[in-house]
1. Find the helices (runs of 4 or more DSSP H) located wholly in segment 231-307 whose residues include 2 or more that are at pLDDT 95 or above and within 25 Å of GLY49 (Cβ to Cβ), and list them.
2. Is it true that some residue in segment 227-250 is within 18 Å of ALA38 (Cβ to Cβ), aromatic (Phe, Trp, Tyr) and touching a Leu at 6+ places or on another chain (Cβ under 8 Å)?
3. Of everything in segment 166-211, what is in a loop (DSSP other than H, G, I, E, B), on the phi > 0 side of the Ramachandran plot and within 20 Å of the chain's Cα centre (by Cα)? Give them in sequence order.
4. Please specify each residue of segment 46-69 satisfying the condition of being surrounded by fewer than 18 Cβ atoms within 10 Å (Cβ to Cβ) and either within 29 Å of ALA99 (Cα to Cα) or touching a strand residue (DSSP E or B) at 6+ places or on another chain (Cβ under 6 Å) (or both).
5. Any idea which of ALA197, ALA159, ALA143 is closer than 23 Å to SER294 by Cα and either among the small types (Gly, Ala, Ser) or in contact with a Leu (Cβ under 9 Å, 6 or more places away or on another chain) (or both)?
6. Among residues belonging to segment 238-253 that are of a type in the set (A, V, I, L, M, F, W, C) and touching a Ser or Thr at 6+ places or on another chain (Cβ under 8 Å), point out the one that is nearest to CYS69 (Cα to Cα).
7. Taking segment 156-171 only, how many residues are out of contact with any Asp or Glu (no Cβ under 7 Å at 6 or more places or on another chain) and farther than 17 Å from GLU247 by Cβ?
8. How many residues are modelled with pLDDT of 90 or more, closer than 22 Å to CYS144 by Cα and either among the charged types (D, E, K, R) or assigned to a loop (DSSP other than H, G, I, E, B) (or both) if we restrict to segment 38-68?
Amino acid sequence: MDLLNTLVEKGLRRELPTREEALAVLATSDDDLLEVVAAAGKVRRQWFGRRVKLNYLVNLKSGLCPEDCSYCSQRLGSKAEILKYTWLKPDEASEAAAAGVAGGAKRVCLVASGRGPTDRDVDRVSKTIEAIKEQNEDVEVCACLGLLSQGQAERLRDAGADAYNHNLNTSEGTYGDITTTHTYADRVDTVHQAQAAGLSACSGLIAGMGESDTDLVDVVFSLRELDPDSVPVNFLIPFEGTPLAKEWNLTPQRCLRILAMVRFVCPDVEVRLAGGREVHLRSMQPLALNLVNSIFLGDYLTSEGQAGQADLDMIADAGFEVEGAETTTLPKHRQGGGCGSVCGGESSDAPAEAPAEVRAEAGAARTDLVSVRRRGAGTDLAPNA
């Protein structure tokens, strides 16, 4: 297929596809799906080999959010039956993080519901970051606390944070249909603040909210222009009790086409398979590893994920390997800063293989893999392991 050959060549050169080409990926038929996955897989392997980076979510504060994001079970007025609790203590969060690190997670993502942190909240999270780093010096810590005020990104960086996540979620044109309590521009500004402070920016999207193909391409092109180092791709979980509870628009094939389009548009970026993969990709999750180079291990914020050992088994069985702490995720040209919205240049060195001890762990039984269910961190709920 000429389209796929063109997209592979552009991906290997880090050249931006046209919008028409990106839309054409989403419009391919199920009969062509394996060809699409194989083509995007060539681009994925060029920049990341067969490595899979593991990330682990710790929900620092659940529910009680004043924002009205229609997709979120923690939103204002949500009737979703989720656990609600205020801030975890630093030692509780550190204990939860340690469970993920024990399972091979290289990055811990600290998330708190709310519009954005107060200065007191930043102090609280800073202590949590310090507690986690004290136990696991090499682990990456990403904070996700909502809209940032001036100076807060710098304070998080000084406390030891490596990255900051704030997703665009959907296109600028449809953002007002999803959220009214803040704007798309607010989100872009927070990502810029994180980048200006020297934090690695993480920003992605949610697919399946009733958006059009054009909306999906628009948000992914906006992400390319924003130039984050990692792009999480979430698939909507239509929680009962939220405005989008009836939006069941995704099939496994649709999800794979979306992931392939993201890889072609953002070829050298850490593309992370995030929330909803178990619900929508189901038994086709291993195929998605040919498109993404990063996943969340175990549970999400307010929903259960696949058991951690099942994730490790899936990675090993599909012929991939867990990325070790000694390996740098991003290609050399992206280390220490992004490459801009349209860039060329020489390809990086061949990706390094994960250390043997990490590969061995992926196939071994780990009874301690997930010792805290993050949706119930600090409670007596049984773990999802």
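1. Numbers: elements: 252-265, 277-280, 285-288.
Those helices (runs of 4 or more DSSP H) span 252-265, 285-288.
2. Of all residues in segment 227-250, those within 18 Å of ALA38 (Cβ to Cβ) come to none.
No - not one qualifying residue is present in segment 227-250.
3. Step one: of segment 166-211, the residues in a loop (DSSP other than H, G, I, E, B) are 166-168, 170-171, 179-183, 197-199, 203-204, 208-211.
Next, from what is left, pick out any that are on the phi > 0 side of the Ramachandran plot: 198, 208, 210.
Across segment 166-211, the qualifying residues are GLY198, GLY208.
4. First, the residues of segment 46-69 that are surrounded by fewer than 18 Cβ atoms within 10 Å (Cβ to Cβ): 64, 66, 68.
Of everything in segment 46-69, just one residue is surrounded by fewer than 18 Cβ atoms within 10 Å (Cβ to Cβ) and either within 29 Å of ALA99 (Cα to Cα) or touching a strand residue (DSSP E or B) at 6+ places or on another chain (Cβ under 6 Å) (or both), namely LEU64.
5. Details: ALA197 fails: closer than 23 Å to SER294 by Cα; ALA159 fails: closer than 23 Å to SER294 by Cα.
Criteria check complete, one pass: ALA143.
6. So in segment 238-253, the residues of a type in the set (A, V, I, L, M, F, W, C) come out as 239, 244-245, 248, 250.
Those still in the list that are touching a Ser or Thr at 6+ places or on another chain (Cβ under 8 Å) too: 239, 244.
On the way: PHE239: 12, LEU244: 10 Å.
Result: LEU244.
7. First pass over segment 156-171, keeping only residues out of contact with any Asp or Glu (no Cβ under 7 Å at 6 or more places or on another chain): 156-158, 161, 164-169.
Still in the list and also farther than 17 Å from GLU247 by Cβ: 156-158, 161, 164-168.
Final tally of qualifying residues: 9.
8. 1
The values are calculated or read from the model by the stated rules, or taken from the named source; none is laboratory data. What you see is a predicted model, and the numbers here were worked out from it, not measured in a lab. Cβ atoms come from the backbone with ideal geometry, glycine included; neighbour counts cover every protein chain shown.
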